[in-house]
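Taken together, the values in this text are just the output of simple stated rules run on the coordinates, not laboratory data. Predicted model only: the values in this text are computed from it and were never measured. Note that we place each Cβ from the backbone using ideal geometry, even for glycine, and neighbour counts take in every protein chain shown.
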Amino acid sequence: LNHFRPHDEL
Amino acid sequence: MNIFRLVGDLSHLAALIILLLKIWKSRSCAGVSGKSQIMFAMVYMTRYLDLFTTFVSVYNSVMKVVFLLFSFVTVYLIYFKFKATYDGNHDTFRVEFLVVPVAGLAVLVNHEFSFLEILWTFSIYLESVAILPQLFMISKTGCEAETITSHYLFALGIYRALYIANWIFRYYMEGFFDFIAIVAGCVQTILYCDFFYLYVTKVWKGKRLTIPA
């Protein structure tokens, strides 16, 4: 799964 | 940042302010579930620990601090300053039935088995169900929810719905795809659907809102 870390949403 | 996320965040912020103002102006937290508010405080605490580890933007950090602060103040008002007005007898949802399964799920289903990541996952799962004690309280008492409480619930619910639009947008624009956030965000929004319907059909027509048990 392509997800970004660090989490940039609130 | 896109328009869905920005409006979603502002709606989230508005929800917290509406609740604080309601309690402060009326000097009463009648009709407000302290259990939901404690869970939201847990959500912010476990999700925003990354304030200490990563910097995304000034906007991001300021919002996180504000959410934490407002959430703590709300819990303080309910359980200390206006404790006498807190309707604990009607706030009977069993929080452990949510927190324990959610904690278990966060340990089992996460992006990475690390302390911060599991806490982040826990916060995402917990947020999706944290409103249940509040909805339960309104439906159980059979009492009408104050209109201002309805506005609070609407602002809080629509925020995650807007995030879904944001995720669709980000998927096509950036290839961004966070499965955990998306599934939990959909569950969260679905829990509000019944309320949305009642809100639009009743509150917007000037009536008070009751959630049938």
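If we count every other residue with Cβ under 13 angstrom of B:Leu135's Cβ, Lys/Arg +1 and Asp/Glu -1, where does the sum land? The answer is 0.
Just to confirm a number: summing +1 for Lys and Arg and -1 for Asp and Glu over residues other than B:Asn2 whose beta-carbon lies under 10 angstrom from that of B:Asn2, what do you get? Its environment carries a net charge of +1.
Other residues lying with their Cβ under 13 Å from the Cβ of B:Thr46 contribute a combined charge of -1, Lys and Arg counting +1, Asp and Glu -1. Amide H contacts for B:Phe176 (H built 1.01 Å from N in the peptide plane; partners 5 or more residues away or on another chain; cut-off under 5 Å): B:Tyr171.
Taken over the C-alpha atoms, the protein assembly as shown has Rg and Dmax values of 17.2, 51 angstrom. For region B:79-213, a simple Cβ point-charge model (Lys and Arg +1, Asp and Glu -1, everything else neutral) yields a dipole of about 580 debye relative to the Cα centre. Checked against a 28 Å cut-off, the cross-linked pairs B:Lys81/B:Lys207; B:Lys81/B:Lys202; B:Lys22/B:Lys205; B:Lys64/B:Lys207; B:Lys25/B:Lys140; B:Lys35/B:Lys205 give Cα-Cα distances beyond that limit for B:Lys81/B:Lys207; B:Lys81/B:Lys202; B:Lys64/B:Lys207; B:Lys35/B:Lys205. The value given for region B:50-153 is a Kirkwood hydrodynamic radius of 16.2 Å, derived from the mean inverse Cα-Cα separation. Under 20 Å from a label point set 7 Å out along the Cα-to-Cβ vector of B:Lys140, the amide N atoms of region B:196-213 belong to B:209-213. Relative contact order of chain B: 31 percent, from C-alpha pairs under 8 Å at least 6 residues apart in sequence. Near B:Leu209, the amide H atoms lying under 5 Å from its own belong to B:Ala145; only residues 5 or more places off or on other chains count, and H is placed 1.01 Å from N.
Return the inverse of the average 1/r over all pairs of distinct C-alpha atoms in chain B, which is the Kirkwood hydrodynamic radius, in Å to one decimal. Walk me through the intermediate numbers first.
Values: mean 1/r = 0.0562 Å⁻¹.
About 17.8 Å for chain B.
Calculation over all alpha carbon pairs of region B:1-122 in 10 angstrom steps from 0 returns a P(r) of 12, 35, 36, 16, 1 percent.
Report the Stokes-Einstein translational diffusion coefficient (µm² s⁻¹, integer) for region B:116-176, Rh taken as the Kirkwood radius over Cα pairs, at 25 °C with viscosity 0.890 mPa s. Let's see the in-between values first.
Numbers: Rh = 13.9 Å.
Answer from the Stokes-Einstein relation: 177 µm²/s.
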